[in-house]
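Participant: This is the structure, below, for whatever I ask next.
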Amino acid sequence: MITLVPDAMTNLALASVLLPFFGAALIGLAPHQAGKWICQIFAAATLALILDLAARFVAADHVGASRTLIEFGTAEVVGVAVDSVSVLIAFLVIAIGFLVAVYSAAYLNAGNREHPDTGRKRYYAFLLMFIGAMSGLVFSSTIVGQLVFFEITGACSWALIGYYESPKALRSAAKALIITHIASLGLYVAAALLFADTGTFALTAIGHLSPAHKAAVLLAILVAAWGKSAQLPMHMWLPDAMEAPTPVSAYLHAASMVKVGVYIFARGLMSADGAPHIVGWVGATMAVITLIYGFAMYLPQADMKRLLAYSTITQLSYIFLGLSLSVFGSDLAFKGAIAHIFNHAFAKTLFFLVAGSLSYTAGTRLLPSLRGILTKAPMLGVSFVVAALAITGVPPFSGFFSKFAIFGGGFAVSQQNLLLWPMVVIALIESVGCFAWFFKWVGYSVPGKVSDTVAAASPLPAGMKFVLGVLVIMSLCSSFIAASWLG
């Protein structure tokens with residue numbers, strides 16, 4: 001049975017899912033040159049919808065709404081849930097989706113010195129579909145809904161990673177699809193266990209399970225989360241996915257797709273009404289192991305995008321650590337983790353798009369070839385520094401505040417669970433090491449004498465400058481938005 005949705009907020013949430021898919025279908029029917037304009041128009045319209053939803057949510061004193069859309073007997077199969085976390089993350093993925101659409105329209109042209117390409121319309125169609133799928137996953141109130149959109153994001157990522165159709169790009173796309181699809185088995189198991197015990201797929205039913213069954217469902221979700229968020233042992237697809245166009249790397253592999261894993265784990269914990277400690281121990285242990293591995297792996301990288309890929313793996317580990325620490329009773333760590341999803345997305349998108357801008361203008365993203373960026377291209381130099389400050393958590397930039405909350409919550413719960421203390425300390429040491437390593441490259445690439453490669457750089461298009469400017473502002477402001485929104 002399909003139920004109509006009368007509530008205004010859930011209507012807007014549903015519209016934010018469906019509108020991008022409609023736009024993607026329209027691109028398929030439109031002439032080639034119209035694709036980039038349709039993409040930007042529909043991305044902007046979807047952003048307007050989510051801003052309207054956010055305004056209504058605030059007007060309702062942050063009281064959310066939920067509706068069942070499809071039910072089978074008494075079992076909720078697909079539904080919509082609007083609350084503070086889903087609205088915040090939906091704004092994130094849709095806003096960055098719009099910025100990436102604007103950036104892509106300027107990036108995909110014959111003037112791109114690394115990858116001259118006119119921007120085929122299937123690129124823009126899959127980008128819109130991805131925006132819709134992410135919105136659908138964020139607002140889903142059931143595991144089945146999450147699973148459907150989880151798989152759609154995987155299909156879209158396969159198409160976008162392999163966009164250039166080189167043998168390496170096609171292999172990387174297949175690798176990402178296979179690994180994330182294997183990870184999705186965790187959601188299948190979680191859905192089956194939940195339905196067997198409660199007769200519904202609603203996430204809220206997790207809270208009614210026995211401790212043992214609750215742990216089984218949450219650990220199954222955690223397995224799916226590891227695959228999508230590129231955590232050990234299913235991390236290997238993300239560095240290879242850098243064969244994608246850089247705007248795809250910025251959106252899928254910094255701001256959106258890799259956030260699916262941490263989001264579904266966070267949503268599971270929110271619904272659990274207290275998770276068994278085994279979930280926290282498993283999550284925290286794997287987060288710290290992945291964090292150490294990611295740090296070790298980005299040290300030898302000279303390709304800026306691969307460096308950022310391994311950095312993304314470690315930053316996602318911070319989020320998994322914060323969520324896992326919340327199992328032991330730290331609401332501060334949980335809010336810090338959600339805020340870090342928000343903050344990291346804007347800052348890492350900025351960093352990836354700086355890499356894309358350098359490859360566009362200079363024809364390379366190899367860091368040893370890039371010197372004197374600030375002298376030749378002040379906008380890129382400033383953006384490079386801001387992104388590094390935000391990612392490494394230097395105040396007053398956004399990453400500092402969410403990391404501080406995770407560490408603060410971690411040290412608080414460590415007083416009752418001493419084994420957590422070394423995990424938090426290791427994460428803190430990695431944060432300092434991350435700062436040192438990134439600023440080695442900032443000191444090498446941004447100031448100083450201009451290298452021949454940078455000296456020959458072409459001007460940056462206005463659309464790309466606009467997006468970088470917005471992301472610089474958000475790298476300063478996003479933490480205040482997240483903190484005020486989450487309370």
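Participant: For segment 74-125, report the translational diffusion coefficient in µm²/s to the nearest whole number, using Stokes-Einstein at 4 °C, 1.567 mPa s, and a Kirkwood Rh over Cα pairs.
Facilitator: It diffuses with D of about 93 µm²/s by this estimate.
Participant: What full-extension length gain, to one decimal in nm, is calculated for residue 60 and residue 436 as 0.36 nm per residue of separation minus the Cα-Cα distance? Don't skip to the answer; put the middle values down first.
Facilitator: Details: separation 376, 0.36 × 376 = 135.36 nm, distance 4.48 nm.
This chain segment gains 130.9 nm when fully extended.
Participant: Let me know the charge dipole size of the chain about its Cα centre in debye, to the nearest 20, where only the beta-carbon of Lys, Arg (+1) and Asp, Glu (-1) is charged.
Facilitator: Around 1240 debye, computed over the chain.
Participant: Report, in deg cm²/dmol and to the nearest 500, the calculated mean residue ellipticity at 222 nm for the chain, where each DSSP H run with n ≥ 4 adds -39500 (n - 2.57) and the sum is divided by the residue count.
Facilitator: Dividing the helical sum by the residues of the chain leaves -24500 deg cm²/dmol.
Participant: A further question follows. Among 19, 60, 140, pick out the residue whose Cα is farthest towards the positive end of the charge dipole of segment 1-272, where Lys and Arg carry +1 and Asp and Glu carry -1 on C-beta, about the Cα centre.
Facilitator: The Cα lying farthest towards the positive end belongs to 19.
Participant: May I pose another question? Residue by residue through segment 349-365, which ³J(HN,Hα) values in whole Hz follow from phi under the Karplus form 6.51 cos²θ - 1.76 cosθ + 1.60 (θ = phi - 60°), with glycine and proline marked x?
Facilitator: Ordered by residue, 3J(HN,Hα) equals 4, 4, 5, 5, 6, 5, 4, x, 5, 5, 5, 5, 8, 9, x, 8, 10 Hz.
Participant: List the aspartates and glutamates whose Cα sits under 18 Å from the Cα of residue 348, skipping any in the same chain fewer than 8 residues away.
Facilitator: Those aspartates and glutamates meeting the cut-off are 240, 243, 303, 430.
Participant: Would you mind computing, in nm to one decimal, how far apart the modelled labels at residue 22 and residue 289 are, each placed 7 Å from Cα along Cα→Cβ?
Facilitator: Distance between label points: 4.7 nm.
Participant: Okay, next question. Express in nm, to one decimal, how much length is gained between residue 415 and residue 196 on full extension, taking 0.36 nm for each residue of separation and deducting their alpha carbon distance. List each step's numbers first, then the result.
Facilitator: Numbers: separation 219, 0.36 × 219 = 78.84 nm, distance 3.81 nm.
Full extension from residue 415 to residue 196 adds 75.0 nm.
Participant: Moving to a separate point now. If you take the square roots of the eigenvalues of the alpha-carbon gyration tensor of the chain and sort them as a ≥ b ≥ c, do you get rounded (a/c under 1.5), prolate (a/b over b/c) or oblate? Working shown, then result.
Facilitator: Values: a/c = 1.73, a/b = 1.25, b/c = 1.39.
Taking the square roots of the gyration eigenvalues as a ≥ b ≥ c, the chain is oblate.
Participant: List the residues, sorted by chain then number, that are 5 or more residues from residue 69 or on another chain and whose placed amide H is less than 5 Å from its amide H.
Facilitator: Answer set, sorted by chain and number: 78, 79, 80.
Participant: Can you tell me the order of 242-252, 304-314 when each peptide is scored by its average per-residue count of other Cβ atoms within 10 angstrom, highest first?
Facilitator: Put in order of decreasing packing, that is 242-252, 304-314.
Participant: Shifting gears a bit: Could you compute the FRET efficiency for residue 477 and residue 51, with r as their C-beta to C-beta distance and R0 at 22 Å, rounded to 0.05?
Facilitator: Computed FRET efficiency for residue 477 and residue 51 comes out at 0.90.
Participant: At 4 °C and 1.567 mPa s, what whole-number value in µm²/s does Stokes-Einstein give for the translational diffusion of segment 1-156, with Rh from the Kirkwood sum over Cα pairs? Walk me through the numbers on the way to the answer.
Facilitator: Numbers: Rh = 16.1 Å.
Answer from the Stokes-Einstein relation: 80 µm²/s.
Participant: Which far-off residues, 5 or more places away or on another chain, put their amide H under 5 Å from the one on residue 256, with H placed in the peptide plane?
Facilitator: Residues meeting the criterion, in which the H sits 1.01 Å from N, do not exist here.
Participant: Fewest to most neighbouring Cβ within 10 Å: what's the order for 236, 297, 257, 464?
Facilitator: 236, 297, 464, 257
Participant: Spelling out what I want: for every residue of segment 319-336, take phi, set θ = phi - 60°, compute 6.51 cos²θ - 1.76 cosθ + 1.60 (Karplus), and round to whole Hz; glycine and proline get x.
Facilitator: 3J(HN,Hα) across segment 319-336, in whole Hz: 5, 4, 5, x, 5, 5, 5, 5, 4, 8, x, 9, 5, 5, 5, 5, 5, x.
Participant: Taking the Cβ of residue 205 as the center, what net charge do the other residues with Cβ under 12 Å away carry, scoring Lys and Arg +1 and Asp and Glu -1?
Facilitator: Charge balance near residue 205 sits at -2.
Participant: Given the peptides 149-161, 420-432, 97-109, arrange them by the average over their residues of other C-beta atoms within 10 Å, most packed first.
Facilitator: 97-109, 149-161, 420-432
Participant: How large is ³J(HN,Hα) for each residue in segment 233-245, as worked out from phi by the Karplus curve 6.51 cos²θ - 1.76 cosθ + 1.60 (θ = phi - 60°), to whole Hz, x for Gly and Pro?
Facilitator: x, 10, 8, 5, 6, 5, x, 5, 5, 5, 5, 5, x
Participant: Right, something else. Return the whole-Å distance between the Cα centroid of segment 253-280 and the Cα centroid of segment 92-160.
Facilitator: 22 Å
Participant: Next up: Given contacts defined as C-alpha pairs under 8 Å and at least six residues apart, what's the relative contact order of the chain, whole-number percent?
Facilitator: Once divided by the residue count of the chain, the mean separation gives 14 percent.
Participant: Provide the gained length on full extension for the span residue 375 to residue 404, in nm with one decimal, where the gain is 0.36 nm per separating residue minus the Cα-Cα distance. Write out the running numbers ahead of the final one.
Facilitator: Values: separation 29, 0.36 × 29 = 10.44 nm, distance 3.37 nm.
Stretched out fully, the residue 375 to residue 404 stretch lengthens by 7.1 nm.
Each reported figure results from applying straightforward, stated rules to the coordinates on display, with no laboratory input. Computed from a prediction, not measured in an experiment: that's the story for all the values here. Positions of Cβ are generated from backbone atoms using ideal geometry, with glycine treated the same way; all protein chains shown enter the neighbour counts.
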